Amino acid sequence: METDSISQQKLSKTEKKLRQKQMKARHTLFRHEGIECVSYPTKSLVIANGGLGNGVSRCQLLCVVEECGLVEALLMPPNKPYSFVTFGRTEDSKRAHDSLNGKEIMLEDSGQNVVLYFNFVEKVPWEDMMPTALPPGLKIIEDLVSPEEERQLLESIDWAEDESIPTAQQSLKHRRVKHFGYEFRYDNNNVDRDRPLPGGLPDICNTLLAKCLKMGYIKEKPDQLTINQYEPGQGIPPHIDTHSAFEDEIIALSLGAEIVMDFKHPDGHVAGIMLPQRSLLVMSGESRYLWTHGITPRKFDIIQASEVQKVRAVTADIGDLTLNKRRERTSFTFRKVRRSPCNCSYPSVCDSQREDTAPSFPINEREASKLEEKYVHEVYEGIATHFSSTRHSPWPRVVEFLRGLPCGAVVADVGCGNGKYLGVSKDLYTFGCDRSMTLMDICGEKGFQAFVCDALCVPLRSGSCDACISIAVIHHFSTVERRLATLCELVRLLRPGGKALVYVWALEQEFNKQKSKYLKEKRASRVTLEEFSSDAVKETGDNDCQSSLHPKEDVAQFKGRCCNANQLIHAKLPVHTNRTSFGSQDLLVPWHLKDGMKKKAGPAKSQQHLAGSADSHAPSSVFHRYYHVFSEGELELLCKRLDCIKVQASYYDQGNWCVILEKQLRVPCGPLK
């Protein structure tokens with residue numbers, strides 16, 4: 001009897017734990033996906049952890065749920081870690097809910113286990129996942145080449161000759177690549193028109209290109225070819241081929257295997273397009289100039305379970321999706337190098353048409369303030385709702401810092417955005433502040449304590465906080481003096497012994513796990529402040545004195561030198577191309593506002609005004625945010641300008657340089673005198 005009692009207790013604990021995890025899954029689905037579960041039985045269930053997004057195939061999931069009764073429909077949304085199942089009877093749905101909750105299944109191929117959690121739902125969002133049409137200007141021509149022609153093309157590639165090519169066309173870490181005609185530069189997504197490669201395009205491509213010209217797929221014969229070889233699991237980040245680099249039509253031949261290529265509109269609309277083996281992809285017009293395209297690194301693609309019609313968006317029938325194991329694929333991408341500026345109908349994303357509207361680097365405090373008002377404050381106010389929808393997962397090391405503080409600590413999040421760190425620990429008294437009124441309203445809706453203010457002047461008593469955090473804020477200040485002043489303000493709020501955590505964007509963000517080429521060049525030519533000269537500034541175009549300060553240098557002298565350097569920089573701020581390495585420390589970073597997320601602007605400030613360079617021709621607003629991206633050691637060196645702090649830790653995390661500062665006891669705070 002005693003043994004039975006112990007077994008019953010263990011069973012009860014197991015059921016209780018399962019129930020807790022089920023409720024957690026229910027809460028997560030509602031919070032992040034808006035899926036509302038109900039506590040009473042219905043015919044439909046949502047299955048957490050059982051989706052295409054985490055490697056569960058359609059066949060595998062059907063085998064599990066069909067054990068409980070007749071399945072009327074199984075909906076597996078693309079790239080989501082959950083699914084919906086609808087049974088013919090409520091009794092069968094209830095049986096699945098009771099018997100399958102907590103069921104562990106092994107993922108095909110990977111050997112990893114996942115646990116399924118079932119919850120009842122009233123509504124299955126079929127209507128939210130309507131069929132997706134091809135992006136305008138996109139064409140797919142099946143079987144452009146025969147199997148024999150495919151074999152000849154693949155055999156013509158000599159990967160072994162890469163080492164002898166003087167242009168150093170070595171393989172990328174994520175795939176093998178070769179260039180012909182002109183070398184494609186991955187550091188700036190462009191080509192050097194004055195340095196053509198010897199030999200031109202391979203002769204074996206002539207028949208293929210003649211066929212494309214005859215059929216009208218291209219208007220001019222291409223003069224640049226990039227061959228990529230993708231192993232299963234490899235991909236390429238989303239991008240738009242640089243407008244100024246190439247003419248309209250871009251064609252790509254898929255050899256060896258099929259692949260799903262993801263296209264994304266600036267408003268957030270996504271289309272996964274199946275490219276069959278031996279098919280030709282033709283991009284022109286809107287699909288070429290406005291939509292990003294890329295291949296997600298993964299070993300399985302989401303495809304139609306039935307192959308009645310291959311060339312379509314993979315969401316054409318959302319009730320018929322499954323996983324398809326990838327094989328080695330080789331692509332031949334042909335382009336025509338452009339010799340004149342692009343004059344397309346999408347100026348908001350066109351590098352040829354937006355250069356004249358970019359602001360200059362600020363040379364004084366007044367210009368810096370105006371730049372930040374237009375390209376930071378107004379932008380975040382305009383994108384606040386969309387921005388908040390993308391910021392819901394706290395970074396682990398920030399959470400670790402907060403949870404390491406003593407119980408009852410007073411914590412200020414300066415530049416808190418939507419407040420995602422304000423609710424991390426109930427043992428802390430946390431409050432936030434930010435320049436965006438809309439983001440503060442969002443914090444208020446979540447029940448957080450937050451107010452509007454500037455990070456340069458926080459209306460709190462000195463020494464009133466046990467800790468402060470500043471996550472991705474200081475890089476928005478456009479001069480070294482203003483960045484230093486923001487750090488001073490953070491430290492002013494701390495009591496003696498208090499700590500501050502600061503994150504800023506890193507120049508050395510890893511793109512395709514390759515360090516920035518700019519970083520390598522910068523390190524190779526780095527000079528000390530004493531060696532710094534105006535001639536060097538003119539030559540490099542970069543304000544190196546901001547990241548090469550001597551800790552003991554007089555601050556007035558330090559400011560003067562920075563000002564002199566700034567006065568020499570009259571160039572326009574470059575607009576960064578997303579998913580590429582940074583080419584400058586001071587730049588504008590585009591934000592494509594998702595359709596339906598626009599904040600209502602007053603009559604004096606339209607969305608296009610807030611965007612800085614959006615145009616009436618553009619179907620959605622493009623905003624540009626100012627950033628100063630920090631080089632390695634720059635943030636730590638700037639912190640050492642304060643005589644009241646100790647740099648307790650310095651590290652790299654999530655594409656950011658980070659420091660933890662500790663305020664020293666009984667020492668007046670401020671810059672070194």
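Can you pull the percent of Cα pairs in the stretch 14-129 with separation above 25 Å? Walk me through the intermediate numbers first.
Working: 850 of 6670 pairs.
Tail of P(r) above 25 Å: 13 percent of Cα pairs.
Considering only Cα-Cα distances, which of the following residue pairs are longer than 25 Å: 264/299; 446/646; 264/336; 80/420? Before the final figure, lay out each step's value.
Values: 264/299 21 Å; 446/646 35 Å; 264/336 23 Å; 80/420 22 Å.
Result: 446/646 exceed 25 Å.
Longer than 31 Å from Cα to Cα, which of 21/123; 13/325; 123/426; 21/426 are they? Say none if no pair is.
Numbers: 21/123 22 Å; 13/325 40 Å; 123/426 34 Å; 21/426 21 Å.
Exceeds cut-off: 13/325; 123/426.
Using the Cα centre as the reference, give the magnitude of the dipole from point charges on the C-beta atoms of the stretch 14-129 (Lys, Arg: +1; Asp, Glu: -1; all else neutral), rounded to the nearest 20 debye.
Details: 15 positive and 15 negative charges, 104 e Å.
Here the size comes out at about 500 debye.
How would you rank 75-82, 292-299, highest first, on the average number of other Cβ atoms within 10 Å across their residues? Don't skip to the answer; put the middle values down first.
Details: 75-82: 20.8, 292-299: 17.8.
Final packing ranking: 75-82, 292-299.
On full extension of the chain, what length is gained from residue 13 through residue 427, given 0.36 nm per residue of separation minus the C-alpha to C-alpha distance?
Numbers: separation 414, 0.36 × 414 = 149.04 nm, distance 2.70 nm.
That pair, residue 13 and residue 427, stretches by 146.3 nm at full extension.
What net charge do the residues around residue 502 carry, taking every other residue with its C-beta under 11 Å from that of residue 502, with Lys and Arg at +1 and Asp and Glu at -1? The partial results should precede the final answer.
Details: positive: 483, 499; negative: 636.
Once positives and negatives cancel, what remains is +1.
Loop-only GluC sites (Glu not before Pro) in the stretch 346-439, please: DSSP not H, G, I, E or B, and at most 10 other Cβ atoms within 10 Å. It would help to have the intermediate numbers written out before the result.
Values: sites: 355, 365, 367, 372, 373, 378, 381, 400; in loops: none.
Of the GluC sites (Glu not before Pro), not one in the loops of the stretch 346-439 has a Cβ with at most 10 other Cβ atoms within 10 Å.
No value in this document is a laboratory result; all are computed from the given coordinates. For clarity, every value in this text was computed on a predicted model and none was experimentally measured. Reconstructed Cβ throughout: ideal geometry from the backbone, glycine too, with neighbour counts over all protein chains shown.
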